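The values are calculated or read from the model by the stated rules, or taken from the named source; none is laboratory data. The structure displayed is predicted, hence computed values, not measured ones. Here Cβ is always computed from backbone atoms with ideal geometry, including for glycine, and neighbour counts include all displayed protein chains. For the accessible areas, the whole protein counts, side chains as well, though only heavy atoms, and no ligand, DNA or RNA atoms are used. Shrake-Rupley method; radii C 1.70, N 1.55, O 1.52, S 1.80 Å.
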Amino acid sequence: MSPLPSSTSHAVPGTASRPARRRRLLLAAALGAGLVGSALTALPAQAAGEPVTVQYRQSSTGADQAEPWFKVVNSGSGSVSLSQVKLRYYFRSDNAAAYRFACSWAVKGCANVTGTFGTLAHPTSTADRYLEIGFTSGAGTLAPGADTGDLQLRFYRADWGPLNQNDDYSFSAAKTSYGAWDKVTASLNGTQVWGTAPEGNDPTDPTDPTDPTDPTDPPGDGATLFDDFSYTSSTDPSIDAHGWSVRSNSGGPGVAGATWDPRKVTFPKDGTNTVMNLETSTAGTGESTVHTEVLTKATKFKNGTYAARVKFSDAPKSGPDGDHLVQTFFTINALKAPMDDDYGEYDFEYLPNGGWGESGNIMYTTSWETYRPDPWEAVNQHTESRQSYAGWHDLVLTIDNQRITYYIDGTEFGTHDAKYLPETPMSINFNQWLIDLAGQTSTTRRAYDEQIDYVLHVKDQVLTPQQVNTKIAAYRTAGTAFEDTVPNS
């Protein structure tokens, strides 16, 4: 069943590489010198064959972004640590454009995949740039014969200008299914072990750390809202000064007759870090039900990147479990009339005990075009996952002119179509509320917590989850608890 809005107004193999040739020359020299025994055993283990093979397919021949997908295969006889593996995909840049990298989905987890861009020392007619793919230690190792599974990657111009992939060295329109591809190179611990680089270039040259398109350094010129929620209470005057409203007015969504209590929005410590806590409770009646919500007063947020670190709860901190609870992070603007074309809403909604026809844990991400309350009609696209999301999670939502993409913990959760893009600016919201009182019949009061560590919005820039993490780390290193440079719409 499609979720309901969180609106406050609604209830609801390749040629031999140069290192390989060098290994054969060493072997020939050793044989010519009669060093048949010990000299052979002293050669590197990979001299016996390629320790790593790269499989490639293209997922898009479109004009706005390249989508090279890979599998890294351990074709040797020993384990391979992925943190020592680097791949390079070579292409011809378009109009000296800056580029951005993104991981759409990876079996190893997008948080464990890195992408940086470099410039070739000897440009050719089909390549002057490359995308280098690496792995963090979290990607683990590959046993002999194993592969990484899908690495569904993409890159695009920072200005979303057109791309011509047909003149790119590593691109092949015919590669619509995985196969070994020697126009992508691989190095292992700094030694090339697979593929052929464009003529005159060494595929183990270091990446230029000053490359302005290095995606590990997020663009710094985007208007930004960042809040670490370092407040003392819901009455802290800084909350209002920083543009937040702690809801106290009545109305939906959720249980009829419930109140929205600012006093239940608190700022406890999680270790040494201050977080925002939303407490929702009930004793089984509408009048005893307390919901909580915090939202921006300004509706000035539209395209770009939204991120928050949120702690969801499966069980109450006190009292019996089972209520149909909704824990959220979302953006929204007002529905001015039924089926209003200007309406927009983009939700992360976690239901720990089901609801909306579900009986157990479920996470929804939903992109709304519009709806009509009565009779009910919804125009939206959603993605769902039936599993527990209890605990801390990194939530990222990106909106550009072509798609809406949701990430949870660095992995793409769902991508929704251009049909659902926002027409007008929105607010940023967190709330926790009960759908109904049908989950259980107890009259014992029970209370649930949702916690928020930080929120980030970068206007008109699509950041990867890795870039978000880098940006948050920079704020905290600098001791910055709040920044808002997003202009009013």
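Quick rundown of the values:
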quantity	calculated
Residues of the range 144-166 satisfying the condition of being open to solvent by 50 Å² or more (accessible area, probe 1.4 Å) and under 22 Å from Thr124 (Cα atoms)	Pro162, Asn164, Asn166
Residue match in the range 410-425 (condition: modelled with pLDDT under 95, open to solvent by less than 20 Å² (accessible area, probe 1.4 Å), under 22 Å from the mean Cα position of the chain (by Cα) and among the small types (Gly, Ala, Ser))	yes
Failed item, numbered, when Phe226 is tested on (1) in contact with a helix residue (DSSP H, G or I) (Cβ under 7 Å, 6 or more places away or on another chain); (2) closer than 15 Å to His457 by Cβ; (3) open to solvent by 50 Å² or more (accessible area, probe 1.4 Å)	(3)
Checklist (1) within 22 Å of Leu295 (Cα to Cα); (2) part of a strand (DSSP E or B) applied to Glu412, failing item	(1)
Among the residues listed as Gly134, Gly118, the single one being modelled with pLDDT of 90 or more and within 23 Å of Ser60 (Cα to Cα)	Gly134
Unmet requirement for Asp460, which otherwise passes all of (1) within 19 Å of the chain's Cα centre (by Cα); (2) surrounded by fewer than 22 Cβ atoms within 10 Å (Cβ to Cβ); (3) modelled with pLDDT of 95 or more; (4) within 27 Å of Ala334 (Cβ to Cβ)	(3)
Gly360 vs. criteria within 21 Å of Thr280 (Cα to Cα) and touching a Lys or Arg at 6+ places or on another chain (Cβ under 8 Å)	yes
Tally of residues being buried (at least 17 other Cβ atoms within 10 Å of the Cβ) and farther than 16 Å from Gln467 by Cα across the range 106-130	9
Criterion (closer than 17 Å to Leu434 by Cα, within 21 Å of the chain's Cα centre (by Cα) and open to solvent by less than 50 Å² (accessible area, probe 1.4 Å)) met by exactly one of Asp394, Asp347, Asp400	Asp347
Qualifying positions in the range 378-403 - touching a helix residue (DSSP H, G or I) at 6+ places or on another chain (Cβ under 6 Å) and modelled with pLDDT of 95 or more	Gln381, Val396
Residue ID - surrounded by the fewest Cβ atoms within 10 Å (Cβ to Cβ), chosen from residues in the range 463-489 that are assigned to a loop (DSSP other than H, G, I, E, B), among the small types (Gly, Ala, Ser) and modelled with pLDDT of 90 or more	Gly479
In the range 72-105, residue least open to solvent (accessible area, probe 1.4 Å) [restricted to those that are more than 20 Å from the chain's Cα centre (by Cα) and basic (Lys, Arg)]	Arg88
